[in-house]
Amino acid sequence: MAVLLPLPALAQDDNPPAPAPPSGAARSDAALLRGLDKITGTTRDMPLKVGEATNFGRLEVRLGECRYPADDPDSDAFAELTITDSIRKQTVFAGWMIASSPALSALDDARYDIWVVNCVTGKAPLQFEPDPVPPEDGETAADAEADLGETAPIQP
């Protein structure tokens, strides 16, 4: 006959340690982070230099380090962040966030999301042009673009 004793259940750690960046990574002096307020639906880009902090809502976000693959700077970014709740005076995130896998090591907050966009490398960021609007039956390409309200017709 087996006797069962009431013991506390052993569970996995809710916050596993964040992975470290790869060893072949170059360091950057700054990073671009993006924050989302889930209540209002607003986002804000936060350019930060290493050692600087900024506020996003009730959170203080501090950049400790930003690294990127030396052979392909545009492919990924790894930022070491410390995020503190200024109302509760408590650190809510401390570790590495990875731009290509934000859910791997994420801030767990009911209202705010913060993620890494890229490390600032001194290279000009990629610029994307909007796709041209295909004309509908009976209209010219200029008419289709004018319908967007974003472009003005070219005056000869």
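Each value in this text was obtained by applying a stated rule to the coordinates, not by laboratory testing. What you see is a predicted model, and the numbers here were worked out from it, not measured in a lab. Quick reminder, even Gly has a Cβ in these numbers, built from the backbone with ideal geometry, and neighbours come from all protein chains shown.
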Item to check | Interchain or long-range residues, amide H under 5 Å from residue 120's placed H | outcome: 30, 31, 32
Checklist outcome for this item: The local net charge around residue 98, scoring Lys/Arg +1 and Asp/Glu -1 for residues other than residue 98 whose Cβ lies under 15 Å from its Cβ, equals -4
Checklist entry - Among 45, 76, 85, what is the fewest-to-most ranking by other Cβ atoms within 10 Å? => result 45, 85, 76
Item to check | Projected label distance in nm at residue 82 and residue 26, using a 7 Å step from Cα toward the beta-carbon | outcome: 2.8
